[in-house]
Amino acid sequence: MNRRKFLAFLGSSGVVSALASVRVAEAAPHVFPYNENSFGVLHDTTRCIGCRRCEAACQAVNNLPMPEKPFTDLEVTNERRRVTAKAWTVVNKYEVNGQPFFRKLQCFHCNDPACAAACFTKCYTKLPDGAVVYDGSQCVGCRYCMVACPFNVPGFQYNLAWDPLVLKCTFCEPLLKQGKLPACVSACPVDAITFGRRSDLIRVARRRFDDHPGKYMNYIYGEHDAGGTAWMVLAPAAGANPGPVDNPDTASKEFKQLGLDTHLGNQPMAELTYGALGAVPMIVAFWPVLFGGAYAITKRREAIAKASVEEAAKSAKDDITAAMDAAIRKIEETEGQAAADRARRAMTEALKARESQDRQGEAHNG
Amino acid sequence: MRKGKSLLSLAAMVAAAVVCLLYQGAARADTLEPTDSGAPSAIVIFPVGEKPNPAAAGMAPVAYNHVIHEKWMNRTGKECMVCHHTGDPVACTECHTVEGKAEGKFYTLQQVMHTPKVRQRKENTPSSCVSCHKEQTKQRDCAGCHTQLVQTRDDDPNWCRVCHTITPSMTRAQMQKGIANTLSARQNEVLATETALARKPVSYWSPLMAPYKVSIDSLKGQYEAALFNHRHHAFSLADRISTNRLAGAFHTSQGTMCVTCHHNSPASTTPPKCLNCHSADLKRMSPGRPALMAAFHLQCMNCHKDMKVGRPRSTDCATCHKIAPTAARTTQGE
């Protein structure tokens, strides 16, 4: 196969696969429909005092290992810690416009979670009560969910050699089922994390903006970010202009200082991955056939072409030999044996010279 | 005895005469001190409008005390330009009327007085009454209450009357003239002075009427009860603003100092218990209302933060409530 053919094949197969993936994306848009009555939590960073009670409560309820430093050591909030498989929530200190504020990190429990979309063994489920839960029984440990998550939340059990799982905040789903509140919410001494129906929390947040003008940035992080999240964050204005309502660009500076990206867009992350990952089975099934077939066809064409060329060359050679024999026979009849021998030798040499010339030419061209 | 009686009556008459004289002297002294700038010591700002208004209908005019505002400006190094933003010391109503005028870019009188925040201008951003007064509440002595307080005019009939009040001796004819902007400057000043002098700061309820210390023990468990020194806190807050004339003018109720903490209920010397509205059980609370523990912590911590009270830090739990000896440390966070 020459290059032009290969590119032509690649192009046509690319179009085919693109069409196929578009069809897949249309077929499976939102796996998890938005539930109007789902729960959420509003995290008011102007209230958080960084006492780490939520961390301690999370550890106790979920039977997580004790951290190296005790929960009473508040100096660790100065580090930019991340949530891990051993600590599903952490509180860090951030400087917003020069003033210290604390923010609690945990799973945001997206309305349409990217981790669930990225998981090809369907370990993740968005429940109607708002929680994004993980069931490790099918997990193959590919950690696609960790890559897909825009908040770097899922943590991997790197310490386990056998059957490591991905662990993250469960929204205390077992407690919610019993009609109890998440452990961190119960433990918070200042109502910095407020539990409620997501729709109510958005109203509560807006009322806080109205009641305390100039205290908050005029933006609810997570109302629309990444397609909407169950956990939402309010940022302090800290002297800045609170800005117009719901403008992620004017609020981006303060949220960035809190370690939150306001440029994730309003589209669910999952929508970006459903199409591509929905096409994976199609690729696995069809691409070997498609490219194998294409390869076979070109190989066969090449073989046929080669055979016909060889045949033509052979017949041409046969023709020359026959003509040569006839000519020599004629010389033998008219000029005698010696002349015929001389002619045969001369012709054979001429033929050889031509063949070698042809071969050289072919080598040069090829 | 007769002699003594006449002496007594004589003494009484003399005393009466002295009182009368003193009162006359006092009445003569019942004028405001003159301003440095030579402007009237007080002026009445009428709702000036160009439309015919035979019934003299309109918002009650405001008696603006020029002297105390000028004094405050001298003290804080502000200039007349804060209000007289064009640099020309004319009356506000020359350009800003009820309907708005071209000279005032059709900013109405209501707008220029009540705008809560004036947009920054390239040259000399003026202040409205409300924007400047709001700015004052950010100072340390005021911030403790005023950053927590959610002020609404909806349920307060006296909200507007704090400023929009005028002496009852004003006649309808004067009001009509005022609206038409034809009232003489002399009469205007007389009305304003009378109103300004009638204004007396309210005396708050004494902290001695409240308990000395309050034991906050309904959440006892991991920590012992917090012993809150109510009297110290109330006295401290009142002392800090005792010389603040703005606070004196706007704190119009005896219970004003109580209603930031004892909020959402009428001011009273026997306020309802916090527990009435803030359940100790978080599950019983709607999201907009903190449960009891958070309600206490938010009020205490935010006020200490806003008034820049250095200690205790919000995370020094044992400063306010001792760790209960029976509570094991392992229960922390539960």
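Here is how the numbers come out for the structure above:
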read-out: Trypsin sites (Lys or Arg not before Pro) restricted to DSSP loop in segment A:103-140 with at most 15 other C-beta within 10 Å; value: A:Lys122
read-out: Extreme residue, positive dipole direction of the protein assembly as shown, given options A:Gly98, B:Pro201, B:His114 (C-beta unit charges); value: B:Pro201
read-out: Solvent exposure, largest accessible area first (probe 1.4 Å, DNA, RNA and ligands not counted), of A:Asp73, A:Asp249, A:Asp112; value: A:Asp249, A:Asp73, A:Asp112
read-out: Residue among A:Lys306, A:Lys86, A:Lys317 with the largest mean-square fluctuation in a Gaussian network model of chain A, springs linking Cα atoms under 10 Å; value: A:Lys317
read-out: Solvent-accessible area of B:Val202 with every protein chain in place, 1.4 Å probe, in Å² to the nearest 10; value: 50 Å²
read-out: Tail fraction, Cα-Cα pairs, segment A:291-346, threshold 17 Å, whole percent; value: 58 percent
read-out: Kirkwood hydrodynamic radius over Cα pairs of segment B:42-198, then Stokes diffusion coefficient at 37 °C and 0.692 mPa s, in µm²/s; value: 193 µm²/s
read-out: Translational D in µm²/s for segment B:49-123 (Stokes-Einstein at 37 °C, 0.692 mPa s, Kirkwood Rh from C-alpha pairs); value: 230 µm²/s
read-out: Scattering curve values for segment A:31-172, log₁₀ I(q)/I(0), Debye with Cα scatterers, q = 0.10, 0.19 Å⁻¹; value: -0.36, -1.19
read-out: Kyte-Doolittle at least 0.5, axis length at least 24 Å by Cα - qualifying DSSP helices, chain B; value: B:2-28
read-out: Heavy atoms of A:Phe32 accessible to a 1.4 Å probe, total area in Å² rounded to 10; value: 30 Å²
read-out: Top of A:Glu79, A:Glu173, A:Glu349 by mean-square fluctuation, Gaussian network on chain A, Cα under 10 Å; value: A:Glu349
read-out: For segment B:96-133 and segment A:289-366, distance of Cα centres in Å; value: 104 Å
read-out: For chain A, Cys with no neighbouring Cys Cβ under 4.7 Å; value: A:Cys48, A:Cys51, A:Cys58, A:Cys110, A:Cys119, A:Cys123, A:Cys139, A:Cys142, A:Cys149, A:Cys172, A:Cys188
read-out: Cα Rg over Rh - chain B, Kirkwood; value: 1.09
read-out: Most fluctuating residue given options A:Gln138, A:Gln337, A:Gln157, as computed from a GNM of chain A linking Cα atoms under 10 Å; value: A:Gln337
read-out: B:Tyr212, A:Tyr216, B:Tyr223, reordered so the largest accessible area comes first (probe 1.4 Å); value: B:Tyr212, B:Tyr223, A:Tyr216
read-out: Accessible heavy-atom area order of A:Arg52, B:Arg161, highest first, probe of 1.4 Å; value: B:Arg161, A:Arg52
read-out: In Å², nearest 10: area of B:Met257 left accessible to a 1.4 Å probe; value: 40 Å²
read-out: Size descriptor, Kirkwood hydrodynamic radius, that averages inverse alpha-carbon separations across the protein assembly as shown, Å; value: 33.6 Å
read-out: Rg/Rg_ref, segment B:207-331, where Rg_ref = 2.2 N^0.38 Å and atoms are Cα; value: 1.17
read-out: Pair-distance profile P(r), taking every C-alpha pair of chain A, with 10 angstrom steps and integer %; value: 5, 18, 22, 15, 8, 6, 6, 5, 5, 5, 3, 2, 0
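The values are calculated or read from the model by the stated rules, or taken from the named source; none is laboratory data. Worth saying up front: this structure is predicted, and the values here are computed from it rather than measured. FYI the Cβ positions are ideal-geometry reconstructions off the backbone, even for glycines, and counts take in every protein chain you see. Please note that ligands, DNA and RNA were not included when accessible areas were found on the heavy atoms of the full protein model with its side chains. Shrake-Rupley method; radii C 1.70, N 1.55, O 1.52, S 1.80 Å.
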